[in-house]
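In what follows, a structure is listed as structure tokens, so that the remarks can point back to it.
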Amino acid sequence: MKHESWPVLAAGLVLAAPPWCKAEEAPVGTAASEKSEEELAKEAQNPVADIYSFPFQDNIGLGYGPNSAVQNVLNFQPVIPIHLGPVNLITRTIIPIVTQPSLEAGGSGSTSGLGDINLTGFVSPKEPGDLIWGIGPVASFPSATSPLLGSQTTWGLGPSAVLLSMPGHWVIGVLVNNVWSVAGASASNFLLQYFVNYNFSKGWYVTTAPIITADWKAPSGNQWLVPFGAGFGKLQRFGKLPINFSAQAYYNAVHPDHLPYPSWTLRLQVTVLL
């Protein structure tokens, strides 16, 4: 099972806010240490923001498999913007460390190691308008250290796109991609993440950002995983260093009939912004 996630994102819904509710926007090029907590929280929620970020995201899958065990996927997701004249190339590498419980009924123990590494590169305007967008390729690599943790043969490639708006205190958008195998074992995997965030003063916010996935190669009834849930977060400064904390919980309302999946997923994230 693949696990991929952006830090809290949101869908293409535009909500008008009265002028007195609008957060001030920092000038282009302002250092993270000079921006307000709300401005930085909104940038952390924008997948194509021109800011260096280093998220550590822990996904704790509860009630996983035939033994209702716990699966854990820790994603390290460095985001590096590269300036290319009028556009930016926003690169995000997802490096998962997976702990997979036994899938045999009555079995015990677990397997831990590296999962499949995923790399996305979004090309986005350096100075976007009210509607912010990014497009680019997504690639997956057969880096799993065990066949229980991911593919050891499949090289994947496909398109990825993100569209969002940030009116007032809101960050709302959607990210979508599909990865097809280009070498190794056959695969076709779809991902859609919509995200809706409302930001309060002093860096607090509420969020929903479920990750909807589909395995097109799986038999009917085992393709979709559709979670619902929400959470909250806080952008906190430690000296001049801003760090974004969030906690979310999601229930998998639509799930495979037979393949293993978690009933609930608890997502905990810490992101260092530079």
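The values are calculated or read from the model by the stated rules, or taken from the named source; none is laboratory data. On a predicted model such as this, the values are computed, not experimentally measured, just so you know. Cβ: placed from backbone, ideal geometry, glycine included. Neighbour counts: every protein chain shown. Each accessible area value is taken on the protein alone, full model and side chains, heavy atoms only, with ligands, DNA and RNA left out. Shrake-Rupley method; radii C 1.70, N 1.55, O 1.52, S 1.80 Å.
Overview of values
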item: With every protein chain in place, region 93-195: carbon and sulfur % of accessible area (1.4 Å); result: 66
item: Per residue accessible area in Å² of region 113-248, where ligands, DNA and RNA are left out and the probe is 1.4 Å; result: 44
item: Area of residue 56 that stays accessible when all protein chains are in place (1.4 Å probe, Å², to 10); result: 100
item: In Hz, Karplus ³J(HN,Hα) per residue of region 71-85 (6.51, -1.76, 1.60; θ = phi - 60°; x = Gly, Pro); result: 9, 10, 10, 9, 9, 9, 10, x, 10, 10, x, 10, 8, 10, x
item: Ranking by accessible area, most exposed first, for 117, 135 with a 1.4 Å probe; result: 135, 117
item: For the chain, the longest site-free run once GluC sites (Glu not before Pro) in DSSP loop states with at most 16 other Cβ atoms within 10 Å are removed; result: 105-274
item: Value of relative contact order over the chain, rounded to a whole percent, pairs C-alpha under 8 Å and six or more apart; result: 21
item: Heavy-atom accessible area ranking, 1.4 Å probe, most first, across 258, 169, 83; result: 258, 83, 169
item: Per-pair calculated FRET efficiency, R0 = 25 Å: residue 84 and residue 56 via Cβ, rounded to 0.05; result: 0.35
